[in-house]
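Values in this text are rule-based calculations from the coordinates and carry no lab data. These numbers come from a predicted model, not from an experiment. Neighbour counts are summed over all protein chains in view; Cβ atoms, including those assigned to glycine, are modelled from backbone coordinates with ideal geometry.
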Amino acid sequence: MGKAEVKLAGMGEIVFARGAGVLGCIGLGSCVGTVLFDPRAQAAALAHVMLPEAQEGDAAVQPGKYATTALPALLRILDTPPAFASRLKAILIGGGELFQNRSQALRIGERNVETLQRLLREARIEVVFEHIRGSSGRSFELDVATGLIRVRAVGSNFVEKDLSAALGILRRAA
Amino acid sequence: MTTTLNELRTDALREISNIGLGGAVTALSDLTGVLFTLEAPQVHQMDTRTLSELCWMAPESLVVGTVSRVNGDWPGEGAFLFPWESACVLWQILVQMQPSGLDDLNELYQSVINEVSNIMLGNYLQAISQMTGFTLHMEPPAFAADMAMAVLSSILVEALYGQRELLAIETAFKTPEHEFKGYFLYLPETGNLEKLFGVLGI
């Protein structure tokens, strides 16, 4: 994976890949990298979600910024009608609370995670992998062709998992 | 954009920050016995698209940071960020030792950084208060040590909450005596800026 060019979703952005390509986010704190994968099209779309709910007038500008607008936007990009959303698979990375003991904590990481999990449940989209909550920042890369995901945190924390079966990635002839 | 920031107002914000940080850096010099100097403050008026551009360090490099809520006539968030190596310089000067790594970052080391932030932000607010007559209170700092981008984005997202845009007044400070660079950010609530400009008569 390392040398393949990674399509990175910056804060509030959405990136897409079909068949091949690597999608990822760098330095997720309270933000949540939200991937929807369509097994039928072998395509994935990733939103770098910053906040749980859209503010009036802002959603149209950058739908990837909010949980409530990011999921419909990901469905549109994957060309999936909401009625067929349940065929999609989801991955959630991030939503940490890096600053401990805040006196007026807004708990944005937790609220991002809660909102996304609720919306995915309502759309009957299965979450096949998550690396969420806790107190650490994360970066990740997902290889859309192989289903290999790599999650990095500071220190020696590193997770690598083959999600090809969970995502329904078709096996290719060797 | 909901705030009108013309050149005069941007200059005023820069000057306010200069005066505030001047007091803060003097306090840090008094505390450490080392002379610290300020770089010229910069005012960034940002939407989401440009947030990532504010990360001055390698996005996955380890940083130590604090953020404090400021209440009163000029509410917002005050944040300090130190690259790990710069935090080690502060620890060496102030407690004559440094953690071997993230696992060794105990409460003593955290309280040193919190205290530095407390003193600097306190002096920053005091200088601004003297100039404007504003009443300003800060809450105790919250601490984090993690990837630069994760720490910075967590600060920015929280400050952005409930606002359409984000205004960041950024200043770096350094010392010729050590490999050190510190970053200060003040993220005022944009809805409360008129009061400041009113006091300044602009």
Item to complete: Using just the helices of chain A, give the 222 nm mean residue ellipticity in deg cm²/dmol: DSSP H runs with n ≥ 4 each add -39,500 (n - 2.57), and the total is spread over all residues, rounded to 500.
Response: -5000 deg cm²/dmol
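If you take the square roots of the eigenvalues of the alpha-carbon gyration tensor of the range A:54-101 and sort them as a ≥ b ≥ c, do you get rounded (a/c under 1.5), prolate (a/b over b/c) or oblate? Display every interim value, and only then the final one.
Values: a/c = 3.31, a/b = 1.40, b/c = 2.36.
It is oblate, given that a/c is not under 1.5 and a/b is not larger than b/c.
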Practice prompt. Would you work out the relative contact order for the range A:22-63, in percent, from Cα pairs under 8 angstrom that are 6 or more residues apart?
Written response: 33 percent
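Sort B:LYS195, B:LYS181, A:LYS89 so the one with the fewest other Cβ atoms within 10 Å of its own Cβ comes first. Mind dumping the intermediate values first?
Details: B:LYS195 14, B:LYS181 18, A:LYS89 22.
Fewest to most other Cβ atoms nearby, the residues stand as B:LYS195, B:LYS181, A:LYS89.
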Worksheet item: Which whole number gives the average, over all residues in B:154-165, of C-beta atoms from other chains lying within 10 Å of the residue C-beta?
Response: 6
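Looking at the square roots a ≥ b ≥ c of the eigenvalues of the Cα gyration tensor of the range A:1-43, which shape do they give, rounded for a/c under 1.5, prolate if a/b is larger than b/c, or oblate? Numbers along the way, then the final one.
Values: a/c = 2.44, a/b = 1.37, b/c = 1.78.
Since a/c reaches 1.5 but b/c is at least a/b, the shape of the range A:1-43 is classed as oblate.
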Worksheet entry | Residues B:GLU158, A:GLU53, sorted so that the one with the fewest Cβ neighbours within 10 Å comes first | A:GLU53, B:GLU158
Worksheet item: How many partner chain Cβ atoms sit within 10 Å of a residue's Cβ in peptide A:151-157, on average, as a whole number?
Response: 4
Worksheet, complete the sentence: By Cβ neighbour count within 10 Å, fewest first, B:PHE180, B:PHE197 rank B:PHE197, B:PHE180
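Can you give me the relative contact order of the range B:1-119 as a percent, contacts being Cα pairs under 8 Å and 6 or more apart? Before the final figure, lay out the partial values.
Values: 78 pairs, mean separation 22.8, N = 119.
Answer for the range B:1-119 is 19 percent.
In the neighborhood of B:TYR186, defined by Cβ-to-Cβ distances under 9 Å, what is the net charge if each Lys or Arg adds +1 and each Asp or Glu adds -1? Provide the component values of the computation, followed by the final result.
Numbers: positive: none; negative: B:GLU77, B:GLU170.
Taking every Cβ under 9 Å from that of B:TYR186, the sum is -2.
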Item to complete: Name all residues of the range A:103-137 having a backbone nitrogen under 17 Å from the label point set 7 Å from the Cα of B:GLU139 along its Cα→Cβ direction, giving them as ranges.
Response: A:103-111
Response to the item:
Once normalised by the length of chain B, the mean sequence separation of its alpha carbon contacts under 8 Å that are 6 or more apart gives a contact order in percent of 36 percent
Worksheet item: What is the mean number of Cβ atoms from other protein chains located within 10 Å of the Cβ atom of each residue in peptide B:137-149, rounded to a whole number?
Response: 6
Item to complete: Of the listed pairs A:LYS7/A:LYS89; A:LYS65/A:LYS161; B:LYS174/B:LYS195, which have alpha-carbon separations greater than 23 Å here?
Response: A:LYS65/A:LYS161; B:LYS174/B:LYS195
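What percent antiparallel are the DSSP beta bridges of the protein assembly as shown, to the nearest 5? If you can, show how the numbers build up before the last one.
Working: 69 of 79 bridges.
Bridges in the protein assembly as shown that DSSP calls antiparallel: roughly 85 percent.
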Discussion item. Need one number: nm distance between label points at A:ARG18 and B:LEU31, each 7 Å from Cα along Cα→Cβ, rounded to one decimal.
Written reply: 5.6 nm
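Could you tell me which of rounded, prolate or oblate describes the range B:161-202, using a ≥ b ≥ c as the square roots of the eigenvalues of the alpha-carbon gyration tensor, with rounded for a/c under 1.5 and, failing that, prolate when a/b is larger than b/c and oblate otherwise? Mind dumping the intermediate values first?
Numbers: a/c = 5.80, a/b = 1.97, b/c = 2.95.
Oblate.
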Worksheet entry | Separation of alpha-carbon centers, the range A:10-59 and the range B:5-32, rounded to whole Å | 38 Å
Discussion item. For chain A, set up a GNM with springs between Cα atoms under 10 Å and report which of A:ALA67, A:ALA43, A:ALA105 has the largest fluctuation.
Written reply: A:ALA105
Worksheet item: Quick one: if the Förster radius is 45 Å, what FRET efficiency do A:ARG76 and A:GLN100 give, using the C-beta to C-beta distance and rounding to 0.05?
Response: 0.75
